[in-house]
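The values are calculated or read from the model by the stated rules, or taken from the named source; none is laboratory data. Since the model is a prediction, treat every value here as computed from it, not as a measurement. Methodologically, a virtual Cβ is constructed for each residue, glycine included, from the backbone with ideal geometry; neighbour enumeration extends over all protein chains shown. Remember, those area values only see protein heavy atoms, side chains included, never the ligands or the DNA or RNA. Shrake-Rupley method; radii C 1.70, N 1.55, O 1.52, S 1.80 Å.
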Amino acid sequence: MPQETARRSEDTGRGDTDGGDDSGAMTAGMQAEQGPVAGVFDLLHPPSGELIDDCVHCGFCLPTCPTYLLEGIETNSPRGRIYLMKAGKAGEVEMDEEFVGNFDACLGCMACVTACPSGVKYDQLIEAVRPQIERNWERTRADKLFRTMIFSLFPYPSRLRAAAFFGTLYQRLGLHRLLDATGLLERLPARLRAMEALLPDLSMRSVVARQPAFTPAVGPSRRRVGILSGCVQRVFFGDVNAAATRVLAAEGCDVVAPRSQQCCGALSSHAGREPEAIARARNLIDAFESVEVDTVVVTVAGCGSSMKEYGVLLRDDPDYADRAADFSAKVRDISELLDELGSVAPRHPVPGRVAYHDACHLGHAQGITAQPRAVLATIPELRVLDIPEAEICCGSAGIYNLVQPEPAERLGRRKVEHIEETRPDAVVTSNAGCLLQIRRYLDAGVPLFHPVQLLDASIRGTDLSLISADQNPSSTT
Amino acid sequence: MSAQLVDVDHQAGVVTDELAEELRRRLTPDRIITDETRLRTFECDAITGYRVVPALVAFPETTEEVAAVVGVCAREHIPYVARGAGTGLSGGALPVAEGIVISLARMRKVLPPDVDNQRMTVEPGVTNADISKAVAAHDLYFAPDPSSQIVCTIGGNIAENSGGAHCLKYGFTTNHVYAMTLVLPDASVVTVGGDGIEQCGPDLRGAVIGSEGTLAIATSITVRLLRKPEDVQTMVADFPSAAQAGEAVSGIIAAGIVPAAVEMLDELAIEACEAAVHAGYSLDTAAALVVEIDGPAAQCEEDFDRVQEICQEAGSTHVRVAADAGERMLIWKGRKAAFAAMGRISPDYFVQDGVIPRTKLGEVLARMEEMASEAGLRVANVFHAGDGNLHPLVLYNAATEGESERGEELSTAIAELCVEMGGSITGEHGVGTDKACSMPKMFSEDDLEVMKRLRAAFDPTGISNPGKIFPTPRLCGEKPGPYREHPLEASGQIERM
Ligand SMILES: Cc1cc2nc3c(=O)[nH]c(=O)nc-3n(C[C@H](O)[C@H](O)[C@H](O)COP(=O)(O)OP(=O)(O)OC[C@H]3O[C@@H](n4cnc5c(N)ncnc54)[C@H](O)[C@@H]3O)c2cc1C
Ligand code: SF4
Ligand code: SF4
C-alpha cells in the first residue's frame, strides 16, 4: 500500500484541476479523504488506461531496453513495466518495493517509444507514473537524502560551481560524516563515488565563463533566438554555450541569453519531482517571455525534450497552460534549428573521423537523428561514423548514473566499447549527461565534443586538435 | 508403456519457502523471483487472453543450472514451463498455476562460428536476429526469419519450429538446426543431432523441434548458417483485389520460379504497417504482394523480370522495386511490424495461423470476407502467400460488450475453414494452449495417441509444460472442440481478456 496518502499540494500551485482523462474533476479535499482510487495511483493524472491499452504485448521493445538487455528479467522491460502499470491501475498489485524499484530502474531513455510498432506512448506513461511514486511512496531515508542532495546541487550553477571549485564534493559537503551519523554508509558510497567520478576536471576557465546577454547576428538578422544556458551545461560545458552563440550569430541569428533564466527543471521532471519541475518551468517561461524571441534554442538534449513538454506539464495551470504550449512550440535543439535555417556561414575543413552518439533525449525522445548528422555533414573533410547498437542508452539518463551507479557503469562501458570499434578521432554528442558519462570510460586520448563545437571550429577555421587540447574541458581529463 | 499422461494436479508438489531458498542457493538470490508483483509480468506470452501466475520464476545461466532447477522440479513433482522472449502466439509459454517458469533469457552466449563448415553454437536465449548479426561479417546468416526475429529466441524458435517469409525457399527452423544439448524432465543432460542434417538413427533432434517445450529444454543449439545470396531483388506489387494477387502468386509458382519470399498484405494490414514504419506501401490499394528473388545475379535478374510480367498480367496496378538494400530493409521492416502494429488500428486482436492449399486462396479470402461482415468485425490479412500460410487478424474491442466472444468465434471459424479446405490449423505459431482443443479436428485419436506416447517417453510424469498441445478435459471440457469457457476460467485461475 502507498505509505502516504496523496498529498495534493498548495506548493505545486496547480490549483483546482481536472483529474485528467480517466479520472474526472476532483478537488484537493476529496483527494485527501479518499486517498488513492485508481488502484495504487491517486487521481492526479494516473497513467492513462487508453495509452496502456495500446500495448499489444508483442515484446518488440524488449531488445532495445537497456535494463532488459542487462538483466534479462522481463519485469524490467517496457512490456513488463506497462503490464505493471495496468495491474497497478486495476489495484491487482501493490505499490511495494518491487513495483517502485522496477520504475526507478527505468532510465527514461525512450528507446522503447522508437521501437514500438503499435505507437505506445511510454514516455507519457512513465512521466505519469514517476510523480505518482514520488507522492505516494515513502522512500528510505538514505534514498531521500541522496535525492535531496542532488536536487539541491545540480540545478544551481553557483552551488555546483562552488562545489566543483573547492575540491571533491564528498569532503566539501561533509557527507561522510553525515552518512556515518545516519548509518547509511553501506548503500551510499557507490552512488557518491559515481558522482565524484563523473565530475570532469574543473580547473578550467570554462567554469567561470559567462554568456553575454545579447550577441548580434553577423550580417542581416534572420531570426531572434533565445538560448538556454542550462545549469550543468553552464558550469561544465561553458564552451559549448559560447560556441553555440558564435555559430548562431554567424548563421544570422540575434542571440539573447536572458540573465534571469535558471534550471529548466528537466532533471526534476525526469525524476518525478513534479512540483519542483513545475516551478522551474514557470520561471523559465517568464524569463524567455521577457525577451521576446522567435525560437528558444537548447544545446542539451535532456533540457530540450523537457521544455518541449512544458505544455503537458502545465496543462492544469490556468495562468500558464497556453503560454507553456506556446513556449514549447518555440523550442528547438540547436541542430534542429541550424538544419531548418540552412547554412550561410562559410566552412573550413575539419579533417577527421568522428563517432556520432545519439543522445536518447534527442533521438528517442525528440526524434532528432538526421539533423545533427546533416549539420555535421556541412563541415568539409569531416567523416561522421555511426556507432553500433546506437539505440541503446549510455547509462547517463538524467540522474540515473548517480542513483543507479552499477547498471549505469555497465551501460557506459558497453557504449564505449562500441564507440571504440569505430576507431574515431573524436566523439560527438548533444547532451551534457552523455558527455560526462562517456568521458568517464573513454580513452583519455579521444576528445569529446558537442556538434556545435565542431561547427564553430569549422566556421572560425580553428584546428580540431587545437580545440581538444585547449578549449574543451571534457577532453582534458 | 502407458500413453496416458499423468495429470500433474494429482500429485504436484508445491513451491514452498524452503524450496525457493534451495533454488536461491543453487542459483543466486537475485535470479529467483517469488514476489507477487514481479510474478505478474510472467503470466502470459504475446497472447494475453490466457494468463496464469506462476509460483516462481528462475533465471539459470548455464546448462547445469537449468538441470538443477529441473532436478528440483522432478524431485518434488512440480510442473515447469520454459520461457524465451514470451512472444509466442499460442500460449505455449503460459505458466502452470503453482508451477515454475524457467526463463532462458539470460543464456545469451554465442560461441565463435565455424565459418568453413557454416555452423555456430549458441545458447537458447540468443535472439534469432542476433545469430545473423554475429556472423554477418562472414557473409553468413541464419535463414529462418520469423517477423518477431529481433526479439524471439532461438530456444522459442526450435520449440515452435518457427518460420518466416523466407521459409518458402529455405525451410523452417528444423531445416537449420544440426544439434542440441537438452535437459530432459528427469534432469539428465543429453545431446541430440550431429554435424549435419542427415544423421543415422531415429531423428530425436527432429522430434524435439516443434514439441513446444513439452519434451525437453534446449540449453545449447548448433545452427546451420547459409551464405548470403549473391544478388537479392525485392518488389512490392499493388493489386485491385486479393484474388488477383493470389492469381499472381499461382502464376509465379507455375512458371517454375522459387521466390525467396512471397508475402501478401491487405488494405487494413498496410494501414497498420505504414502507420508504424512508413515503408512506402500504397495506402489506396486492396492488396499488395511483396516478392523477393535471390540467388546468382543472372538468374535473379531473369526471374525478377518474369515475376514483374506475371504481376502485370494478373492486373497489378503499380510495381515498386527496392532501389537498394536500405529500401529493401524498410519494406521488410514494414511487413514484419504487421502484427505488432495492430495496436494502431484496433485495441485487441486474435491472430490465426491457418494453412490452406495455395490454389484455394481466392475462395478462402472471399469466404472470410463474408464471415467477417456477418460478424460485423474487421479482419486484416497478412500472410505467407507462397506456402498458403494465412495470418488473418480478427480485430475487436474487448471493451465493447460481446465483441470478444464474436471475435473468438470468427477466429475459430476461420481456422476451421482452413481445415475444411484441406489445410491445417497452424503453420508456424504452434498449438500451445490456444489450439489444443482444435487438435482432434486435424488428427485422429490414433495419431494423437502416438504423439502422447512419444511425450510420455520423454516426460513420464508430465511435468514439462503440461496442458499444451494435447486437448485435455480440463482445457476443452468433455468434448474437445471450439472454445467454450473452461473450468479454470470459471474458477478464476486463468482469464481471457
Ligand atoms: C509480432 C509477432 C510476430 C510473429 N511472427 C512470427 C512469424 O513470422 N513466424 C513464426 O513462426 N512465429 C512468429 N511469431 C511467434 C513467436 O515469435 C515464435 O513462436 C517464437 O519462436 C517464440 O519465441 P520466444 O523466444 O518468444 O518463445 P516463448 O514465447 O517464450 O516460448 C514459446 C515456446 O517455446 C518454449 N521454449 C522457449 N525456450 C525454450 C527452450 N530453450 N527449450 C525448449 N522450449 C523452449 C516455451 O515453453 C513455449 O512453449 C510472432 C510473434 C509476434 C508477437
Ligand atoms: S513494442 Fe509496443 S506494443 Fe509491443 S510490447 Fe512493447 S510497448 Fe507493447
Ligand atoms: S525508457 Fe528505456 S529503460 Fe525505460 S522501459 Fe523504455 S527502453 Fe527501458
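Inside the range B:131-155, can you point out the residues that are within 12 Å of ligand 1 (Cβ to nearest atom) and either in contact with a Pro (Cβ under 9 Å, 6 or more places away or on another chain) or more than 14 Å from chain A (Cβ to nearest Cβ) (or both)?
Hits for the range B:131-155 are B:P144, B:D145, B:I150, B:V151, B:C152, B:T153, B:I154, B:G155.
Give the residue, chosen from A:V312, A:V331, that is modelled with pLDDT of 95 or more and either of a type outside the set (D, E, K, R) or in contact with a strand residue (DSSP E or B) (Cβ under 9 Å, 6 or more places away or on another chain) (or both).
Only one candidate passes the filter, namely A:V331.
Which one of these is more than 8 Å from chain B (Cβ to nearest Cβ) and either open to solvent by 10 Å² or more (accessible area, probe 1.4 Å) or touching a Lys or Arg at 6+ places or on another chain (Cβ under 6 Å) (or both): A:Q132, A:Q124?
The match here is A:Q124.
Taking the range A:41-64 as the search range and keeping residues that are more than 10 Å from chain B (Cβ to nearest Cβ) and either of a type in the set (A, V, I, L, M) or open to solvent by 10 Å² or more (accessible area, probe 1.4 Å) (or both), which one is farthest from the chain's Cα centre (by Cα)?
Among those that are more than 10 Å from chain B (Cβ to nearest Cβ) and either of a type in the set (A, V, I, L, M) or open to solvent by 10 Å² or more (accessible area, probe 1.4 Å) (or both), it is A:L43.
Give the residue that is surrounded by the most Cβ atoms within 10 Å (Cβ to Cβ), with candidates limited to residues of the range B:28-43 that are within 27 Å of the chain's Cα centre (by Cα) and facing chain A (nearest Cβ under 7 Å).
Out of the qualifying residues, it is B:F42.
So A:A408 passes all but one of these: (1) within 16 Å of ligand 3 (Cβ to nearest atom); (2) within 14 Å of another protein chain (Cβ to nearest Cβ). Which condition number does it fail?
(2)
Among the residues in the range B:145-152, are any of a type outside the set (G, A, S), touching a Leu at 6+ places or on another chain (Cβ under 8 Å) and open to solvent by 10 Å² or more (accessible area, probe 1.4 Å)?
No, every residue in the range B:145-152 fails to be of a type outside the set (G, A, S), touching a Leu at 6+ places or on another chain (Cβ under 8 Å) and open to solvent by 10 Å² or more (accessible area, probe 1.4 Å).
Please give the number of the condition B:D305 fails out of (1) farther than 20 Å from B:Y170 by Cβ; (2) open to solvent by less than 70 Å² (accessible area, probe 1.4 Å); (3) away from ligand 1 (no atom under 16 Å from the Cβ).
Of (1) farther than 20 Å from B:Y170 by Cβ; (2) open to solvent by less than 70 Å² (accessible area, probe 1.4 Å); (3) away from ligand 1 (no atom under 16 Å from the Cβ), only one is false for B:D305: (2).
Do you know which residues across the range A:312-357 are under 30 Å from A:V427 (Cα atoms) and hydroxyl-bearing (S, T, Y)?
Answer for the range A:312-357, where residues must be under 30 Å from A:V427 (Cα atoms) and hydroxyl-bearing (S, T, Y): A:S328, A:S335, A:S343, A:Y356.
Please go through (1) within 14 Å of chain A (Cβ to nearest Cβ); (2) farther than 28 Å from B:V110 by Cα; (3) surrounded by fewer than 23 Cβ atoms within 10 Å (Cβ to Cβ) for B:T62 and return the number of the only condition it doesn't satisfy.
Of (1) within 14 Å of chain A (Cβ to nearest Cβ); (2) farther than 28 Å from B:V110 by Cα; (3) surrounded by fewer than 23 Cβ atoms within 10 Å (Cβ to Cβ), only one is false for B:T62: (2).
Does A:A377 satisfy the condition of being in the same structural domain as A:I438 (by TED's automatic domain parsing) and open to solvent by 50 Å² or more (accessible area, probe 1.4 Å)?
Yes; evaluated as a whole, the condition is true for this residue.
Which one of these is surrounded by 23 or more Cβ atoms within 10 Å (Cβ to Cβ) and not assigned by TED's automatic domain parsing to the domain that holds B:E301: B:G206, B:G193, B:G213, B:G171?
B:G213
Matching residues to (1) part of a strand (DSSP E or B); (2) under 30 Å from B:C152 (Cα atoms); (3) away from ligand 3 (no atom under 16 Å from the Cβ):
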position: B:G251; (1), (2), (3): no, no, yes
position: B:M264; (1), (2), (3): yes, yes, yes
position: B:I270; (1), (2), (3): no, yes, yes
position: B:V291; (1), (2), (3): yes, yes, yes
position: B:D294; (1), (2), (3): yes, yes, yes
position: B:V319; (1), (2), (3): yes, no, yes
position: B:M329; (1), (2), (3): no, yes, yes
position: B:W332; (1), (2), (3): no, yes, yes
position: B:R335; (1), (2), (3): no, yes, yes
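Which of the residues that make up the range A:74-120 are among the small types (G, A, S) and under 22 Å from A:C360 (Cβ atoms)?
A:S77, A:G80, A:G101, A:A105, A:G108, A:A111, A:A115, A:S118, A:G119
Of the residues in the range B:335-372, how many are among the basic types (K, R), within 14 Å of another protein chain (Cβ to nearest Cβ) and closer than 18 Å to B:E409 by Cα?
Residues meeting the conditions: 0.
Evaluate the range B:94-112: report whether one residue or more is charged (D, E, K, R), open to solvent by 50 Å² or more (accessible area, probe 1.4 Å) and in a strand (DSSP E or B).
No, the conditions are met nowhere in the range B:94-112.
Can you report the number of residues in the range B:317-350 which are more than 16 Å from ligand 1 (Cβ to nearest atom) and touching a His at 6+ places or on another chain (Cβ under 9 Å)?
1
Given the criteria among the acidic types (D, E) and touching a helix residue (DSSP H, G or I) at 6+ places or on another chain (Cβ under 6 Å), does A:D425 qualify?
It is false that A:D425 is among the acidic types (D, E) and touching a helix residue (DSSP H, G or I) at 6+ places or on another chain (Cβ under 6 Å).
So, in the range A:321-340, how many residues would count as being surrounded by 18 or more Cβ atoms within 10 Å (Cβ to Cβ) and hydrophobic (A, V, I, L, M, F, W, C)?
Going through the range A:321-340 one residue at a time, the tally reaches 6.
Mind checking whether some residue in the range B:412-428 is more than 16 Å from ligand 3 (Cβ to nearest atom), within 14 Å of chain A (Cβ to nearest Cβ), in contact (Cβ under 8 Å) with a residue 40 or more places away in the chain and open to solvent by 20 Å² or more (accessible area, probe 1.4 Å)?
Looking for residues that are more than 16 Å from ligand 3 (Cβ to nearest atom), within 14 Å of chain A (Cβ to nearest Cβ), in contact (Cβ under 8 Å) with a residue 40 or more places away in the chain and open to solvent by 20 Å² or more (accessible area, probe 1.4 Å), one finds none in the range B:412-428, hence no.
Just the residues that are assigned to a helix (DSSP H, G or I) and more than 10 Å from chain B (Cβ to nearest Cβ), please, taken from the range A:71-93.
Listed by number, the residues that qualify are A:P78, A:M85, A:K89.
Could you tell me which residue of the range A:63-94 is nearest to A:Y122 (Cα to Cα), considering only residues that are within 14 Å of ligand 2 (Cβ to nearest atom) and in contact with a strand residue (DSSP E or B) (Cβ under 9 Å, 6 or more places away or on another chain)?
Among residues in the range A:63-94 that are within 14 Å of ligand 2 (Cβ to nearest atom) and in contact with a strand residue (DSSP E or B) (Cβ under 9 Å, 6 or more places away or on another chain), the one nearest to A:Y122 (Cα to Cα) is A:M85.
Quick check: anything in the range B:331-343 under 28 Å from B:E408 (Cβ atoms) and among the charged types (D, E, K, R)?
yes
How many residues does the range A:449-477 hold that are within 17 Å of A:V375 (Cβ to Cβ) and at pLDDT 85 or above?
12
Considering only residues of the range A:94-116 that are acidic (D, E) and part of a helix (DSSP H, G or I), which is nearest to ligand 3 (Cβ to nearest atom)?
A:D104
I want to confirm something. Restricting to the range A:95-110 and keeping residues that are open to solvent by 20 Å² or more (accessible area, probe 1.4 Å) and within 7 Å of chain B (Cβ to nearest Cβ), which single residue is farthest from ligand 2 (Cβ to nearest atom)?
In this case the residue turns out to be A:D96.
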